[in-house]
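Contents: one structure, followed by commentary.
Nothing in this text is a laboratory measurement; each read-out follows from the coordinates by a stated rule. Here the structure is a predicted model, which means the values were calculated and not measured. Neighbour counts run over all protein chains shown; Cβ positions are idealised from the backbone, glycine included.
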């Protein structure tokens, strides 16, 4: 489409708030380098765009001015996607006598597991601001680990997968809370949720050599045998440490 003064085009650029600023698709970079960028507030993303030479203006969205603006510009959506603003813009466009083109461009997507970052953030805030959670210890929470695991077990046995989804979240909360508590311990006992995740990855790679190390297996029994042998070697190694 021509960018003459008669044409009006608004490109909504949506990016993942869970990825580093500036990590955009080639299409998104082409757009922000070619057209002016508007955003509601300063962010690491606007900073990254400016650093790359983009023309970025920050300010409260003025729907009438946006609709009347000639040519093409990019609206950099906020972390939540600016859905309310998009709906208000759509209502305004219904009343416009002249056509205005709106396009949606995804500059980046959440990778699988991205919401786990939100879960960690929420748990951190609960630990800091919720009076009950501020009082908890590993010992006081121990019973809930069993209870939540039992409820997840019961949902599986009942074939209730809607309940299972919820109960797995409750189990996850226990994992995150214990990891958060461990961050506050003395250095010798301290670990973080990243340490837990890292140990998990290392263990899965180590115990599944048929997947990660090219070991040949001919049956499920081979896989189980390897798992048990590796687990036993790990146990003996821990017992042999000074």
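A few notes on this one:
- Angle in degrees between helix 220-239 and the longest Cα principal axis of the chain, rounded to the nearest 10: 70 degrees
- Order by protection proxy (mean Cβ within 10 Å, highest first), peptides 143-155, 184-196: 143-155, 184-196
- The range 8-106, relative contact order [Cα under 8 Å, separation at least 6], %: 47 percent
- Across the chain, the mean sequence separation of Cα contacts (distance under 8 Å, 6 or more residues apart), normalised by length, yields a relative contact order of 18 percent.
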